[in-house]
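The structure under discussion appears below in the form of structure tokens.
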Amino acid sequence: MGSPNTTFRRLREEEWKMSRREAAEFLVKKSVEYGEPVNCVTRTIATWEDGTTACPSLPYQRLLHKVTGLSVAQLGFTPSQPRPRGRKPTEGDDDDMRRRTALKGTGAALLTAGVGSGQLNGPALGHDHLQRLVEAERTLLEQDRDHGSADLGRHAASALHTAHQWLGQGRYSEAMERQLHTATGNLSVAAGWLALDSGRPHDARSLYTEALANARQADNAALEAHVFGCLSLLAHATGRPREAVTTAQAAQRLAAPLGSPRWLSLLAMREARGWALQGDRALTERALVHAHHLYAQGPHDADPAWLAFYVPGELAGLESLCRADLGQHDRAGAGAEQAVMLFADGHPRNRALYTADIALHHTRKAHPDLDAATDAAHRALAHLTDVRSERLLRSLHTVTRTLQPHARSRTVSAYLDSYHAATASA
């Protein structure tokens, strides 16, 4: 962790006269006005001021400059180092280079201080070790959000291996033990999500079960609620709608005292998906209304950092999935279009997935709209250059299979050719 950024904190407190939550909401509003929406939450401001984030990403840098007229250095941040002289990579090479660097750091940052095999009296563990686990989880989730889950699984496994070594062989206080179990549980949740997104539900269930054990060893209701919410998602993905509902309801009971309406909104949406998969329109609608009501209460300081993905675009997209499960493909298509529009340039992995969904919804209507379907399918294909997600590939395969009976259509035939060319090397 770097040094606290007192310059930016003074700006927020003395010039803006805002709390962290107010500052986050202010920046989101400004980003929309400037036409480059960002997902700024209370936790974002906290990481800037506490020094966890040395320098905001480029969209935030541009936003802060427009709002304040100051450079990142003048705002107290440490600017990123310029690229060394030499061949200038193409844009695609540059993206791949940044991704490989981040992925390498995910596992290596942990393994450089790993515990030797068979070592019975390991190192004394403290805040630095705990922070490495937290940082590994954060990096995995950020890379998944921006580029997809492909290639991340082995890095998650390396990080978890080190965490287990530390817990099993390290020396630590009782308080530190609870924090290590919490961090390891959160890392297991992240690894479980990567497994689920990559089409490995059995691995996901094992990792979620492990995370649940860590939550109970740490006596951490928030982590336990998180795991039950993930188990609801897993149940839906594997065709167990009743379990999807009961685990979402269990998660809501655990999360209710924690003070995060947005989190409860997400869990209500998970419950809605379980009801939708059972074909119960009335209970689906009730859960959807509840989810929107909770979301409208806005961000709170109690929102967990991992909830940053749950932006308005995701809210719209999740509802569109419920509509699709109910067979309401016109409404599902409109909802997925709204989701993509609300994401703007952020959250590329989810934006790509919902774009593929748009194509599916148009092909599954009572009267398929092939032009709209192939337009969305082409847009989804374009994301393969920067999103490496097994789920996206599966979605595109499903889109292609659904369009295949219409291959005589010129627009469909053109898409099929593009699909085979794009996925030959994917």
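Structure summary
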{"read-out": "One residue from His420, His383, His397 being free of Cβ contacts under 8 Å to residues at least 60 places away in the same chain, more than 22 Å from Gly333 (Cα to Cα) and assigned to a helix (DSSP H, G or I)", "value": "His420"}
{"read-out": "Selected residue [hydroxyl-bearing (Ser, Thr, Tyr), at pLDDT 90 or above and more than 30 Å from Glu271 (Cβ to Cβ)] from Ser425, Ser320, Ser413", "value": "Ser413"}
{"read-out": "Given (1) out of contact with any helix residue (DSSP H, G or I) (no Cβ under 9 Å at 6 or more places or on another chain); (2) within 23 Å of Gly346 (Cα to Cα), index of the condition Gly327 fails", "value": "(2)"}
{"read-out": "Enumeration of residues in the stretch 251-272 that are within 18 Å of the chain's Cα centre (by Cα) and basic (Lys, Arg)", "value": "Arg262, Arg270"}
{"read-out": "Meets criteria (surrounded by fewer than 21 Cβ atoms within 10 Å (Cβ to Cβ), of a type outside the set (Gly, Ala, Ser) and at negative phi) for Pro299", "value": "no"}
{"read-out": "Neighbours by Cβ (under 6 Å, 6+ apart or cross-chain): first from the stretch 197-217, without any contact (Cβ under 8 Å) to a residue 40 or more places away in the chain; second part of a loop (DSSP other than H, G, I, E, B)", "value": "Pro201/Thr238"}
{"read-out": "Leu223 under 17 Å from Arg132 (Cα atoms) and either open to solvent by 40 Å² or more (accessible area, probe 1.4 Å) or in a helix (DSSP H, G or I) (or both)", "value": "no"}
{"read-out": "Matching residues in the stretch 188-214 - criterion: being over 22 Å from Arg388 (Cα atoms) and touching a Cys at 6+ places or on another chain (Cβ under 7 Å)", "value": "Tyr208"}
{"read-out": "Residue in the stretch 168-177 that is outside any helix (DSSP H, G or I) and under 20 Å from the mean Cα position of the chain (by Cα) present", "value": "no"}
{"read-out": "Lone qualifier among Ala308, Ala272 - being under 27 Å from Val41 (Cβ atoms) and modelled with pLDDT of 95 or more", "value": "Ala272"}
{"read-out": "Every residue from the stretch 281-296 that is surrounded by fewer than 18 Cβ atoms within 10 Å (Cβ to Cβ) and under 21 Å from the mean Cα position of the chain (by Cα)", "value": "His292, Ala296"}
{"read-out": "Lone qualifier among Phe77, Phe26 - being at pLDDT 85 or above and either over 24 Å from the mean Cα position of the chain (by Cα) or in a loop (DSSP other than H, G, I, E, B) (or both)", "value": "Phe77"}
{"read-out": "Any hit, the stretch 303-312, residues being among the acidic types (Asp, Glu) and either open to solvent by less than 30 Å² (accessible area, probe 1.4 Å) or not in a helix (DSSP H, G or I) (or both)", "value": "yes"}
{"read-out": "Which listed residue, of Ala256, Ala211, Ala251, is over 26 Å from Leu160 (Cβ atoms) and in a helix (DSSP H, G or I)", "value": "Ala256"}
{"read-out": "The listed residue being open to solvent by less than 50 Å² (accessible area, probe 1.4 Å), within 26 Å of Leu152 (Cα to Cα) and in a helix (DSSP H, G or I), out of Gly199, Gly229", "value": "Gly229"}
{"read-out": "Close pairs from the stretch 46-71: first assigned to a helix (DSSP H, G or I) and of a type in the set (D, E, K, R), partner modelled with pLDDT of 85 or more and surrounded by 18 or more Cβ atoms within 10 Å (Cβ to Cβ), Cβ under 8 Å, at least 6 apart", "value": "Glu49/Asn5; Glu49/Phe8; Glu49/Arg12; Glu49/Arg20; Asp50/Asn5"}
{"read-out": "Residue among Thr411, Thr374, Thr355 that is in a helix (DSSP H, G or I), touching a residue at least 12 places away in the same chain (Cβ under 8 Å) and surrounded by fewer than 23 Cβ atoms within 10 Å (Cβ to Cβ)", "value": "Thr411"}
{"read-out": "Criterion violated by Met1 - all others in (1) over 30 Å from Gly126 (Cβ atoms); (2) at pLDDT below 85 satisfied", "value": "(1)"}
{"read-out": "Single residue of Arg240, Arg270, Arg253 found to be of a type in the set (Lys, Arg), open to solvent by 10 Å² or more (accessible area, probe 1.4 Å) and within 27 Å of Leu140 (Cα to Cα)", "value": "Arg270"}
{"read-out": "Members of the stretch 313-331 found to be among the acidic types (Asp, Glu), open to solvent by less than 60 Å² (accessible area, probe 1.4 Å) and more than 19 Å from Val41 (Cα to Cα), listed by number", "value": "Glu319, Asp325"}
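The values are calculated or read from the model by the stated rules, or taken from the named source; none is laboratory data. Keep in mind it's a predicted model, so treat the numbers as computed, not measured. Positions of Cβ are generated from backbone atoms using ideal geometry, with glycine treated the same way; all protein chains shown enter the neighbour counts. Only protein heavy atoms, including side chains, enter the accessible area calculation; ligands, DNA and RNA are left aside. Shrake-Rupley method; radii C 1.70, N 1.55, O 1.52, S 1.80 Å.
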